[in-house]
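Input: a single structure, listed below in structure tokens.
The values are calculated or read from the model by the stated rules, or taken from the named source; none is laboratory data. Fair warning: this is a prediction, and the values are worked out from it, not measured in the lab. Glycine also receives a Cβ, built like all others from the backbone with ideal geometry; neighbour counts cover every protein chain displayed.
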């Protein structure tokens, strides 16, 4: 039954308050895993329902905000990793220092940023049979990686 709650909570992006007569640690853990925002034992008194539902909504919103912040942080980390990889490729292929490679990347991206906003370089894996090194392709290129 908790799997259905989880599916509903995710699909509709709505909080779930669960009212039960009895509970144990396993049921609480399973409820949390299923996305239940409030787990209330023996609390179905009329005067308690509204505050408990308010709590469920606030906890749901707080959790959704944390998920959004986590997704944003992961995106920024992925961008940073791509930039670092491109910088390493420039350093290896052109024998540049780290500051020189970073400056070269900034110089190449400046016109693209002005015209269309930031577009990170696409990093293409090396050709397997030729033994060539990886290379960074300018953001204005239409080439896509074949990963």
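One table, with the values for the structure above:
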read-out	value
Pairs with Cβ under 8 Å, 6+ apart, first in segment 45-68 and assigned by TED's automatic domain parsing to the domain that holds residue 11 and under 16 Å from residue 12 (Cβ atoms), second modelled with pLDDT under 90 and exposed (fewer than 12 other Cβ atoms within 10 Å of the Cβ)	64/13
Residue match in segment 92-99 (condition: in contact with a strand residue (DSSP E or B) (Cβ under 7 Å, 6 or more places away or on another chain), assigned to a helix (DSSP H, G or I) and in contact (Cβ under 8 Å) with a residue 12 or more places away in the chain)	yes
Selection count, segment 68-94, where residues are closer than 13 Å to residue 104 by Cβ and within 15 Å of the chain's Cα centre (by Cα)	0
The one condition in (1) touching a residue at least 12 places away in the same chain (Cβ under 8 Å); (2) surrounded by 15 or more Cβ atoms within 10 Å (Cβ to Cβ); (3) in a helix (DSSP H, G or I) that residue 39 fails to fulfil	(3)
Conditions (1) closer than 19 Å to residue 109 by Cβ; (2) in contact with a strand residue (DSSP E or B) (Cβ under 9 Å, 6 or more places away or on another chain): number failed by residue 49	(1)
Identity of the residue in segment 24-36, closer than 19 Å to residue 58 by Cα and touching a residue at least 24 places away in the same chain (Cβ under 8 Å), that ends up surrounded by the most Cβ atoms within 10 Å (Cβ to Cβ)	36
